[in-house]
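Following: one structure in C-alpha cells, then a few remarks.
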Amino acid sequence: MRTQGNKSMGIYLIAASLLVSTAVLTACSGTAEGPAAGEELSGTGTVEFRATDAPPKDISHIWVTTDKIEVHKADADEDTWVTVVDQEQTFDLVAIQDAEVFLGEEEVAAGQYTQIRLDVTEVIVTMEGEDIIARLPSGKLKVVRPWEVKPDEKTILTLDFEADKFVVVTGKTAQVKPVIKLNISHGERELKTRPSPETVEAALKDRTWVLESYGEPDDLKTVLADTEITATFHAEGNIEGSAGCNTYGGSYQLQGDELSVPGPMSVTMKSCGEQIDQQELAYLRALEAAENFTIDDTGLTVVCGETVLVFRLK
C-alpha cells in the first residue's frame, strides 16, 4: 500500500463479479456528489471498492487476475493516477456471486475523483470443464464517474458488473465485453457474504408468493388486473397456488438456489376468457421450466430459461 502525502484518505477495494476490458465505461447510476463550487476539502477518510453480480449460464468459473488498481483525482493532471492496490491477486466471479470480496485499501487526498483504472493480466473462463482464455483488446478497464472522498469518513465504491453479459463464448473462443455500474455510499457497511444453501431454501419455503410480472427480462408483462397468481412452496416438497383462473399443484425440487418444477402439474379446467387463459398458460409453462431463483428485499425472481417470473411476498 502507498500513502499519498499528509492530506490523505483510505481507499478500500472489494470485488464480487469483476469485468475487464480496454473500454472506457460511463457508470449508469447516481449523480455526482461534491462540495459547492470553489470549496476545497481537507482531512482524511476511507474509500472502499466492492463489486457484485451473477455469472453467465453454463459457465462454472470466471477467473480474473489483476495486479494494479488506480484512481484519478479531478484536479490532477490527466496522466497522474493514485495507486490503491499494487499486488497481483486472482478471484473467481462465479464463487463470489451475490457477495463481495475485499481487494485492498489505500489513503488518498480528500476531494473529487473522476475515474477508476484496473490493470488486468488474465481472464480465464471455465465452461464444461474446459478452460478458455478470454480475449481482451487491452489489459485495462476504466470506469468513469465522479465521486467524492469525504474527510474522516469511509466512501464505499461498489463495482456492479453485469456478469451475464461479461463473457461471450463462441466455439472455443471467449471475448470480454464489460457492462458495469458504479454504486457509491458513505460510512461503514459490512462486507456482503453469500448466504448458505440452507438459508436460501428456507427463505423460499412455506411462504405465499404473488406474481407481479413475467416474460423476458427486458420486456416484462404486468399481471392482468383483477387476477391473482400465487405460488406456495411447501417444505414437504409440493407446490400449489392459483394460476389466475384455475388452481394448480405439483412437486418441486431444490438444491441451494437451483429450482425445478418437473410437472406435469394438476390443474383445474375452468376458462376465464381468452386473455386470462393465455396468461395462465404462459405462467404454468414458465414455472415448469424453472431453473433457479433469487430472493432479496424486493421479492422473489424465478429464472425459467429465457423468461423470468417476478413475485412479491403476500
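The numbers here are math on the coordinates, done by the rules we state, and not lab data. Computed from a predicted model, the values in this text were never measured in an experiment. Backbone-built Cβ (ideal geometry, glycine too); neighbour counts: all protein chains shown.
The separation of region 245-314 from region 150-209, counted between C-alpha centres, amounts to 25 Å.
Using the Cα gyration tensor of region 52-114, with a ≥ b ≥ c the square roots of its eigenvalues, what is the shape: rounded (a/c below 1.5), prolate (a/b larger than b/c) or oblate (neither)? Since a/c reaches 1.5 and a/b is larger than b/c, the shape of region 52-114 is classed as prolate.
Beta carbons within 10 angstrom, averaged per residue: use that to sort the peptides 115-125, 263-273, 245-255, highest first.
Highest-to-lowest ranking by the protection proxy: 115-125, 245-255, 263-273.
Listed by chain and number, the lysines whose C-alpha is less than 23 Å from the C-alpha of LYS142, apart from same-chain residues fewer than 8 away, are LYS68, LYS73, LYS150, LYS154, LYS165, LYS177, LYS181.
Tell me, what is the Rg over Rh of region 197-313, with Rh the Kirkwood radius over Cα pairs? When Rh is taken as the Kirkwood radius, the ratio is 0.93. In summary, the lysines within cross-link reach of LYS172, defined as a Cα separation below 17 angstrom excluding same-chain residues under 8 places away, comprise LYS57.
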